[in-house]
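Below is one structure, written out as structure tokens; comments come after it.
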Amino acid sequence: MKEHEIVAAVRRIAGLADAEHAAAATRATLTVLGQRLAGGEPGDVAGQLPAGIKEALPETGEGATFGVEEFYRRVMDAEGRGCTQDGAREHARAVVAALKAGVSQGEFDDLVQQLPADYRDDLLSTAPADEHR
């Protein structure tokens with residue numbers, strides 16, 4: 001996929017008003033995902049993404065351990081733009097959905113294998129967000 005296709009998918013899925021906001025959400029989510037993934041996995045994912053997006057991922061991940069709620073808090077902080085934690089959740093889920101379409105199934109499966117169950121149950125879910133707070 002091309003950068004504008006990924007950003008357009010994030011914009012559509014998350015219901016964002018403009019491409020600039022969708023691009024910011026994409027970069028924020030990938031930055032935090034890069035902190036969470038370990039070893040060469042961030043670089044492997046980046047290798048399948050277009051320029052302009054892949055730069056948000058480091059070559060090597062630190063494998064930081066934090067839960068999915070902390071993931072969303074970090075995305076919220078990285079995104080800025082008055083983003084709330086619920087907004088960050090929706091944006092991150094949209095980015096992951098676009099990422100799944102933008103990289104090979106094998107690469108996406110490798111990424112998923114590094115994430116604990118709370119990520120798989122929420123971040124990787126395609127269900128709409130509910131008022132769980």
Inset, instruction - Mind grabbing the accessible area of Glu107 for me, 1.4 Å probe, Å², rounded to tens? - result: 20 Å²
Legend entry - Amide proton proximity set for Ala38, modelled H, under 5 Å, gap of 5+: Gly63
Inset, instruction - With runs of 4+ DSSP H residues as the only contributors, calculate the mean residue ellipticity of the chain at 222 nm using -39,500 (n - 2.57) per run, divided by the residue total and rounded to the nearest 500. - result: -18500 deg cm²/dmol
Legend entry - Ranked packing of 34-41, 50-57, most packed first, by mean Cβ within 10 Å: 34-41, 50-57
Legend entry - Net charge contributed by nearby residues that have their C-beta within less than 10 Å of Asp110 (K/R +1, D/E -1): -4
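The values are calculated or read from the model by the stated rules, or taken from the named source; none is laboratory data. This is a predicted model, so every value here is computed, not measured. FYI the Cβ positions are ideal-geometry reconstructions off the backbone, even for glycines, and counts take in every protein chain you see. What goes into the accessible areas is simple: the full protein's heavy atoms, side chains included, and nothing from ligands, DNA or RNA. Shrake-Rupley method; radii C 1.70, N 1.55, O 1.52, S 1.80 Å.
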